[in-house]
Amino acid sequence: MASERYNPRTAEPKWQKAWAEAQLFETKTEAAGEKYYVLEMFPYPSGRIHMGHVRNYALGDVVARYKRAKGFNVLHPMGWDAFGMPAENAAMQNKVHPAKWTYENIETMRKQLKSMGLSLDWSREFATCDVEYYHRQQMLFLDMLDKGLAYRKKSKVNWDPVDMTVLANEQVIDGKGWRSGADVEQRELIQWFFKITDFADDLAAALDHLPNWPEKVRLMQKNWIGKSEGLMLRWALAADTAPEADAEVTVFTTRPDTLFGASFIAVAADHPLAAKAAESDPALAAFIAECRKTGTSAEALETAEKKGYRTAFEAIHPLDDSWRVPVYVANFVLMEYGTGAVFGCPAHDQRDLDFARKYGLPVKPVVLPPHEDPVAFSVGDKAYTDDGAIYNSDFLDGKTPDEAFEAVAEKLEATPLFGAPQATRKVNYRLRDWGVSRQRYWGCPIPVLHCPRCGVVPEKRQNLPVELPKDIDFDKPGNPLDRHPTWRKATCPQCGGDASRETDTMDTFVDSSWYFARFTAPHADEPTEPAAANAWLPVDQYIGGIEHAILHLLYSRFFVRAMKVCGHLDLDEPFKGLFTQGMVVHESYRDGREWVAPADVRIEEIDGQRSATRISTGAPIEIGGIEKMSKSKKNVVDPDDIIASYGADTARWFVLSDSPPDRDVIWTEAGVEGAHRFVQRLWRLVTETAEKLGGAGQSVAPGDTGLARDIRKLAHRTVAGVGDDIERLAFNKAIARVHELVNQLASAFGKLDVGDAGQAAAAREALSMLARVIAPMMPHLAEALWDELGEAGLAAAAPWPSVEASLLADDTVTLPVQINGKKRGDLTMPASAGKSDIEAAVLSLDFVSAALAGQAPKRLVVVPGRIVNVVV
RNA sequence: GCGGGUGUGGCGGAAUUGGUAGACGCGACGGACUCAAAAUCCGUUUCUGGUGACAGAGUGUCGGUUCGAGUCCGACCACCCGCACCA
């Protein structure tokens with residue numbers, strides 16, 4: 001019966017089953033059609049999906065379903081980013097094995113995702129904690145080791161002495177471990193690194209060739225890589241101040257053009273020269289110790305005052321050996337960047353200026369701003385960092401800073417100091433190599449052995465995988481692999497003697513750096529099947545949160561380069577198109593200090609004043625801000641509840657409506673209800689009209705006049721518009737168009753004459769188009785409508801409707817007519833009317849001749865198809 | 001501090017990139033149907049003045065370019081995001 005309400009609870013599982021049985025979404029690499037790879041960032045199996053997932057996967061599914069309808073061979077896989085700390089935390093807290101916890105979560109979340117009706121190829125599913133997956137990751141590691149892209153070095157880490165583990169920077173809060181609350185120590189450990197800096201230049205340069213990435217993300221990555229070109233510049237220390245002959249200090253500078261403005265050298269507290277000076281100066285030793293202390297808490301640096309300590313050393317100016325500058329140890333110089341030493345030019349660097357003012361050092365300007373008088377110009381408390389003309393600088397006078405840079409570089413490259421060039425050109429990056437060692441259990445074991453005779457030895461490929469032991473205890477802090485009774489014991493592949501396994505596991509960012517490649521051949525013995533990887537990659541449209549703008553995306557870009565070097569694929573960039581979606585946010589509610597979940601709150605509006613009460617007690621509740629859904633603020637809405645009461649289509653439609661997908665979307669109960677009303681309205685419109693039509697209009701060509709033509713125009717225009725909008729990922733606009741179509745069809749169908757075969761056929765065509773146009777967004781309802789309309793097959797397999805171009809053009813155009821730029825009326829003309837026809841018609845309009853009052857217009861602007869402006 | 005972005009009705013947001021500002025949705029108000037309610041349908045809804053046709057103002061603020069500016073240019077204000085002693 002057509003008058004029945006649409007019931008998603010019964011309809012949605014039915015269609016999901018039909019899709020699965022038809023294996024509609026299982027992709028064959030060799031199938032017909034141009035390839036299109038849509039991927040959303042795979043989820044961490046935390047337990048349940050949240051609204052952010054719903055939005056992310058709804059966005060991707062629209063693209064996947066639309067492209068499929070357009071005839072592309074679409075790859076749209078799903079998997080699980082399944083290694084990581086929460087599983088270990090759960091193990092410690094609930095005595096459940098990380099594997100069991102993880103796989104149970106995956107089970108739950110897979111079911112939830114399936115209830116969304118996503119067009120995913122589940123046959124390619126994997127979790128990164130599957131042995132089959134991390135086995136191949138270990139192969140990659142060995143390949144990278146072989147190519148010199150993985151190596152070990154000593155590095156400082158944040159060490160939590162209570163949990164006995166290494167913490168990431170984000171896990172250190174105010175110098176304390178986020179879990180234990182213990183003071184975090186800086187420890188030097190030998191760690192594994194990937195040589196991402198080998199590709200620093202390419203990673204930065206290639207960003208310019210990713211036009212389908214958000215500008216913002218490209219910029220963030222560029223800043224992160226932080227390329228700067230400069231000189232390594234050696235300064236001799238004056239022999240009478242230095243403890244040994246030929247002593248020198250090397251600085252890195254990007255501004256050799258300001259060398260004549262130098263007034264001091266500053267070295268980091270950890271610099272060898274500082275240590276040397278401190279040997280004979282206890283006060284300096286104390287200063288260095290103080291720097292180290294404040295150095296650990298990163299937040300303190302922000303406000304920390306620039307402090308320095310003057311050593312006895314003096315350096316000789318590279319361009320004037322009669323000129324000496326003092327050497328300071330300063331708290332603002334970083335040992336990790338450049339050489340750990342800088343020369344200060346206070347006039348043209350704010351930081352150097354602050355320092356110079358504090359210690360009374362000379363401030364000599366050497367770059368003259370345009371239109372400034374060289375005699376009068378001086379620097380106050382603001383350094384001049386812009387372009388200008390070099391002056392006060394001997395042979396550099398009159399040059400631009402760029403020219404002066406070159407001149408200094410050339411001269412000093414050719415000047416020997418203690419038998420080597422005084423300066424060499426050098427490109428420095430902010431980017432550091434990627435430390436991948438984690439002292440944890442639930443990660444991919446690093447497949448190497450430590451042999452007392454042979455040292456660090458890679459495990460043999462045929463001995464892989466190095467599997468995680470299953471019998472593990474989390475009773476004690478520290479890495480369970482370290483204290484496992486037998487797991488570490490192994491045989492050295494080189495000498496056959498006893499050796500012990502590496503107990504570090506890999507950062508989980510490694511797992512997610514190549515999963516998109518694995519999806520192209522998820523069951524291959526090798527990490528990839530190069531032919532499949534090359535056929536499918538790059539990912540045409542990648543969709544995920546902005547929070548991964550830097551690390552995940554940069555690491556993936558690095559991995560593709562490393563995998564190319566190792567012969568696993570032949571690809572320059574992993575993601576051709578990137579889209580970063582906004583968050584799902586919700587109003588928060590609180591009762592005093594306690595946060596209250598939206599489900600427990602009733603909202604009322606009286607005279608425009610919204611107020612909230614707790615449903616159970618009737619107590620008033622304070623309405624808080626609109627914030628990211630989070631458990632701590634309890635402003636979460638469970639997708640399961642929404643799908644159970646409204647259906648997946650309503651949830652999908654809602655998260656796609658209104659807000660542009662790159663902005664935050666505010667979840668509101670009223671909005672969901674509006675979406676659900678629309679679902680029902682569509683159902684009613686289609687079923688009632690179909691019933692009215694009966695068999696009328698079947699296998700008849702739609703009419704081309706009157707109402708039939710009007711109906712066809714509406715439908716064809718919507719198809720064209722929605723297609724454009726989806727291509728541009730403007731789903732909110734696509735939805736507005738569908739609303740418009742439904743509003744207009746509803747009114748047109750009111751006048752429908754079922755006896756007119758042309759009209760009936762036009763109505764049929766419009767409804768069939770409507771079903772296909774909503775299919776990417778509301779796939780279940782689309783199937784139900786498709787079925788009601790008596791169409792063959794599944795809507796999900798139906799091609800995108802083709803548009804008749806003749807129906808997009810108008811026969812007449814209505815031009816707004818302005819007088820002096822203000823709209824005063826309309827003029828309707830045949831679309832074919834020329835400029836002179838329009839001019840004549842405009843001048844004969846009543847309100848135009850009234851405004852002209854017999855005068856000729858000063859100007860008559862006619863933009864055909866757009867507007868007319870009469871200037872009087 | 002540096003870099004980037006955004007400011008449009010009560011709210012989320014449109015505006016074909018210089019051409020009718022406010023599409024579409026939410027909310028609100030009015031009406032129809034109903035004994036009544038829900039659901040549904042129809043209408044109104046930027047502000048000010050007017051019963052009204054209509055008039056005036058209006059896209060953060062001030063100025064400019066243009067026949068015409070939400071859109072371009074300059075200055076300022078507010079908010080958001082990223083980076084932060086990177087030499």
*How far is the Cα center of region A:311-388 from the Cα center of region A:610-638, in Å?*
56 Å
*Within region A:818-832, find all residues whose amide N lies under 11 Å from a label point positioned 7 Å from the Cα of A:ALA853 along Cα-to-beta-carbon.*
none
_Convex hull volume per residue for chain A, taking Cα atoms only, in Å³_ = 265 Å³
*Mind running the shape call on region A:141-225? Use the C-alpha gyration tensor, a ≥ b ≥ c as the square roots of the eigenvalues: rounded below 1.5 for a/c, prolate if a/b tops b/c, oblate otherwise.*
oblate
*Obtain the radius of gyration and the Kirkwood radius of region A:465-504 from its C-alpha atoms and give Rg over Rh.*
1.02
*Would you please give the residues with an amide H less than 5 Å from that of A:PHE579, counting only those at least 5 places away or on a separate chain, with H modeled from the backbone geometry?*
A:TYR542, A:ILE543, A:GLY544
*Give the cross-link partners of A:LYS147 among the aspartates and glutamates, using a straight C-alpha distance below 16 Å as the criterion and excluding same-chain residues fewer than 8 apart.*
A:ASP198, A:ASP433, A:GLU459
*Any aspartates and glutamates with Cα under 15 Å of the A:LYS713 Cα? List them, leaving off those in the same chain fewer than 8 positions away.*
A:ASP704, A:GLU740, A:GLU765, A:GLU804, A:ASP810, A:ASP811
_Per residue solvent-accessible surface (Å²) - chain A, probe of 1.4 Å_ = 45 Å²
*Return the carbon/sulfur percentage of the accessible area of chain A, one whole number, probe 1.4 Å, all protein chains in place.*
50 percent
*asked:* Please list 3J(HN,Hα) in residue order for region A:817-823, calculated via the Karplus relation 6.51 cos²θ - 1.76 cosθ + 1.60 where θ = phi - 60°; whole Hz, with x for glycine and proline.
replied: 10, 9, 10, 6, x, 10, 5
*What's the percent breakdown of Cα-Cα distances in region A:508-646 across 5 Å bins, shortest bin first?*
2, 9, 14, 14, 11, 8, 8, 8, 8, 7, 6, 4, 2, 0
*Stretchable slack from A:ARG677 to A:LYS70, in nm (0.36 nm times residue separation minus alpha-carbon distance)*: 215.6 nm
*For the cross-link pairs A:LYS95/A:LYS631; A:LYS153/A:LYS307; A:LYS227/A:LYS276, which exceed 28 Å when the distance is taken from alpha carbon to alpha carbon?*
A:LYS153/A:LYS307; A:LYS227/A:LYS276
*Between A:GLU691 and A:GLN350, what length comes free when the chain is fully extended (0.36 nm per residue of separation minus the Cα-Cα distance, one decimal in nm)?*
115.0 nm
*Check cross-link reach from A:LYS14 to the lysines: straight Cα distance under 30 Å, and skip same-chain residues fewer than eight apart.*
A:LYS28, A:LYS35, A:LYS67, A:LYS70, A:LYS111, A:LYS114, A:LYS692, A:LYS733
_Residues whose placed amide H lies under 5 Å from that of A:LYS227, excluding near-sequence neighbours_ = A:ARG430
*Between region A:62-127 and region A:675-723, how many Å separate their Cα centres?*
38 Å
*Distance-filtered residues of region A:248-272 - backbone nitrogen under 17 Å, label point 7 angstrom along A:GLU229 Cα→Cβ*: A:253-258
*How much net charge surrounds A:ARG179 when only other residues with a Cβ under 10 Å from its Cβ are counted (Lys, Arg +1; Asp, Glu -1)?*
-1
*With each label point set 7 Å from Cα along the Cα-Cβ vector, what nm distance links A:ALA840 and A:VAL863?*
2.5 nm
*Column: log10 I(q)/I(0), Debye, Cα scatterers of region A:185-297, q = 0.14, 0.23 Å⁻¹*: -0.94, -1.23
*Using modelled backbone amide H atoms (1.01 Å from N, in-plane), which distant-in-sequence or interchain residues come within less than 5 Å of A:GLU248's amide H?*
A:LEU237
*What angle, in degrees between 0 and 90 and rounded to the nearest 10, separates the Cα long axis of helix A:85-94 from the longest principal axis of the Cα atoms of chain A?*
90 degrees
_Gain on full stretching of the segment that runs from A:LYS358 to A:HIS523 - 0.36 nm per residue minus C-alpha separation_ = 52.9 nm
*With θ set to phi - 60° and the Karplus curve 6.51 cos²θ - 1.76 cosθ + 1.60, what are the ³J(HN,Hα) couplings of region A:272-285 in order, to the nearest whole Hz, using x for Gly and Pro?*
x, 5, 5, 4, 4, 5, 6, 3, 10, 9, x, 5, 5, 4
*For region A:341-352, Karplus couplings with θ = phi - 60° (6.51, -1.76, 1.60), whole Hz, Gly/Pro x*: 9, 9, 9, x, 10, x, 5, 10, 8, 4, 5, 5
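The values are calculated or read from the model by the stated rules, or taken from the named source; none is laboratory data. As the structure is a prediction and not an experimental result, all values here were calculated from the model. Quick reminder, even Gly has a Cβ in these numbers, built from the backbone with ideal geometry, and neighbours come from all protein chains shown. Just the protein is used for accessible areas: all its heavy atoms, side chains included, with ligands, DNA and RNA removed. Shrake-Rupley method; radii C 1.70, N 1.55, O 1.52, S 1.80 Å.
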